[in-house]
Amino acid sequence: MKRILILVLILLLVTNVKAAMLLNGAGATFPYPLYARWFYDFEKISGIKVNYQPIGSGAGIQQIQAGTVDFGASDSPLPGKDQQASNLIMIPSVAGGIAIVYNIPGVGKGLKLSREVIADIFLGKIKTWDDPKITSLNPNMKIPKINITVVRRSDGSGTTDIFTHFLSLVSPEWKEKVGAGTSVNWITGIGGRGNMGVAGYIKNIVGTIGYLELTYAVQNNLPYAMVKNKAGNFVYPEIPNIEAALENFPVQKDFYVYPIDAKGKDSYPISGYTFLLIRKNQGNLEKAKALISLVNWIYKEGDKTAKDLYYVPLPQKVKSMALERLKELNYQGKPIH
Amino acid sequence: MRIGDRIFKILAVFSSLIIVGLVIGLFIELLVTSIPSIKKFGIKFIIDTVWDPVAEKFGALPAIYGTLVTSLISLLISFPISIGIAIFLSELSPPFFRRTLSFIIELLGAVPSLIYGMWGLFTLSPLIQLKVGPFLQNILGFLPFFQGYPTGVGYLNAGVVLSIMIIPTISSLSREVFMAVPMDQREAGYALGMTKWEVIRKVVLGNAKSGIFAAGILGLGRALGEAVAVTMVIGNFYNISVSLFSPGVTITSVIINEFVEAVGGLKISALIELALILFIITFFVMGFARYYILRRIENK
């Protein structure tokens, strides 16, 4: 008996030593599949374990403000003054595109949609798929006369935030009637819960149109539209086009930015960053160093995994700006190196 | 009394007090947390029809309406079926079959609600959109309940899914009530020359009236509070529509959808007030049913 006890004690000691460093994070659900892969890979090379809870962007912001996690994550950016007020810095980790997906019998990938048409559909003004406003953009497609059913997120979501910012930008009527936010007062349509809920509705209900993070559109094999960009070209929500948009869209130091309707001939007009939130004043030097090495590793080694999972890596200039911001972290008033 | 008995008694009393305390505590917590919303909107919260998180305007009527409508549809569908099941089990079925069927019905009650939601979404919604909807519109299209474009999800879909979920509750409770009808009463009926049908209708159903009423109310209680499955098939469109094909919301679906990413004190408070309303509705519905059952037992 005694021997077993001693053995258990020794084992406990050993495992304690091994689990020396643990970072806790919580927040956004959209990047979770990628974060899970990243943090697994990171632990293998650094020994630092990252425990991430996808509890939603809003909750992620609340948790980092309350100080219960080492980093928060959010899909919708926190305004610069709010970062200041809570003594946080916000940096992007990765980006993504939002695809317009649909279920029209006989119509495959590549329906062409202009910004005005998308806004009018979501405003409930275009009611059937064979509306001249849609057919005139797609003279080569045979579009049946069926009703349009708008599908959108019913839960609060960063995807909705980005998409409604896009609609507000391209349609003054949308801006006035509905506005932008993580959840809004929709004029028409049915709401699915989560990206999977929206994908489920679109797969099962004929005549639907909705918006999804590119990852989910690809995984669910749903046809997505080409959207007309600022330069007047119809472009697919594919990684090179989203990269082009990010490349062409200026960012500020606080990263409060919606990279929507970027200029450039290949730029896809609906995309967004997802963010990490970190406290400026770090209470534990070891953890702070681990956090900094995590961000550095993501920027250096994370791009390939991101692309494999249909996320979009950050442009180099955004990465350097973010690393610059990371220098604001301090421990007991002294910068951390 | 021995000391052990005394300790045991204290423990038992304490355990039951925990439950009472929990219910009261829950009510107080809901009330306190919803004060900002109650203060801001007052009684208008119950009659307003807008849910606009951007402008921070919140009204609960579409959610209350959706909750009541879907629950009533489910009761309309499941009540006759459940009574039929219960009559078969208690009066007509051979004993072996009774045991098997009871087991299957209880199994139906133990299936997670998510499964029913998936069935509603994957199987029922295309069926309503392409078959049932156009069919109903052809023969009953003049009624306001069946107008508008059937998207497949909405009040009707949610009502059907809920009805399947509450059949086990209503049918097994009704069966208990039927079995409780004394055998000599049945025999008295036969002695008077009644047919089997007359005995079932006049003796069994007549005796069990208040009991099956209570069973229906308890089923209704379950339908009112169901969340996950309804959220998947209600369509989540914040409006009030007479058409059963129209998408809508329920109290539980709004809470499920909005709570996780809720930012800002007022919105959270409004969501809690919704929960408070559901708490009160369920409390009264259940209280009503209990009162009926109690009266029935006292009358015996």
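The values are calculated or read from the model by the stated rules, or taken from the named source; none is laboratory data. Bear in mind the structure is a predicted one, so any value in this text is a computation, not a measurement. For neighbour counting, all protein chains shown are included, and Cβ atoms are generated from backbone atoms with ideal geometry for every residue, glycine included.
What the table below lists for this structure:
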{"quantity": "Qualifying position, being out of contact with any Lys or Arg (no Cβ under 7 Å at 6 or more places or on another chain) and touching a residue at least 24 places away in the same chain (Cβ under 8 Å), among B:90, B:74", "calculated": "B:74"}
{"quantity": "Residues of the range B:2-58 satisfying the condition of being within 14 Å of chain A (Cβ to nearest Cβ) and either touching a strand residue (DSSP E or B) at 6+ places or on another chain (Cβ under 8 Å) or in contact (Cβ under 8 Å) with a residue 40 or more places away in the chain (or both)", "calculated": "B:48, B:49, B:50, B:51, B:52, B:53, B:56, B:57, B:58"}
{"quantity": "Some residue of the range B:249-265 being surrounded by fewer than 17 Cβ atoms within 10 Å (Cβ to Cβ), within 14 Å of chain A (Cβ to nearest Cβ) and either touching a residue at least 60 places away in the same chain (Cβ under 8 Å) or closer than 25 Å to residue B:117 by Cβ (or both)", "calculated": "yes"}
{"quantity": "Any hit, the range B:110-124, residues being closer than 25 Å to residue A:188 by Cα, buried (at least 23 other Cβ atoms within 10 Å of the Cβ), touching a Phe, Trp or Tyr at 6+ places or on another chain (Cβ under 9 Å) and within 14 Å of chain A (Cβ to nearest Cβ)", "calculated": "yes"}
{"quantity": "Residue list for the range A:173-224, filter: buried (at least 23 other Cβ atoms within 10 Å of the Cβ) and either aliphatic (A, V, I, L, M) or outside the structural domain of residue A:113 (by TED's automatic domain parsing) (or both)", "calculated": "A:184, A:190, A:198, A:202, A:205, A:209, A:212, A:214, A:217"}
{"quantity": "Residue identified as assigned to a loop (DSSP other than H, G, I, E, B), free of Cβ contacts under 8 Å to residues at least 24 places away in the same chain and more than 14 Å from chain A (Cβ to nearest Cβ) among B:189, B:193", "calculated": "B:193"}
{"quantity": "Subset of the range A:197-238 [over 20 Å from residue A:108 (Cα atoms) and either among the small types (Gly, Ala, Ser) or in contact with a helix residue (DSSP H, G or I) (Cβ under 7 Å, 6 or more places away or on another chain) (or both)]", "calculated": "A:197, A:231, A:232"}
{"quantity": "Failed condition for residue B:233, given (1) over 15 Å from residue B:63 (Cα atoms); (2) within 14 Å of chain A (Cβ to nearest Cβ); (3) among the aliphatic types (A, V, I, L, M)", "calculated": "(1)"}
{"quantity": "Pairs, first under 20 Å from residue B:233 (Cα atoms) and touching a residue at least 60 places away in the same chain (Cβ under 8 Å) in the range B:96-116, second assigned to a helix (DSSP H, G or I) and not aliphatic (A, V, I, L, M), C-beta under 9 Å, six or more apart", "calculated": "B:108/B:168; B:109/B:168; B:109/B:169; B:109/B:172"}
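One line per residue, one yes/no per condition, for (1) touching a strand residue (DSSP E or B) at 6+ places or on another chain (Cβ under 7 Å); (2) under 30 Å from residue A:234 (Cα atoms); (3) crowded, with 19+ Cβ neighbours inside 10 Å:
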{"site": "A:72", "(1), (2), (3)": "yes, no, yes"}
{"site": "A:81", "(1), (2), (3)": "no, no, no"}
{"site": "A:84", "(1), (2), (3)": "no, no, no"}
{"site": "A:87", "(1), (2), (3)": "yes, no, no"}
{"site": "A:100", "(1), (2), (3)": "yes, yes, yes"}
{"site": "A:112", "(1), (2), (3)": "yes, yes, no"}
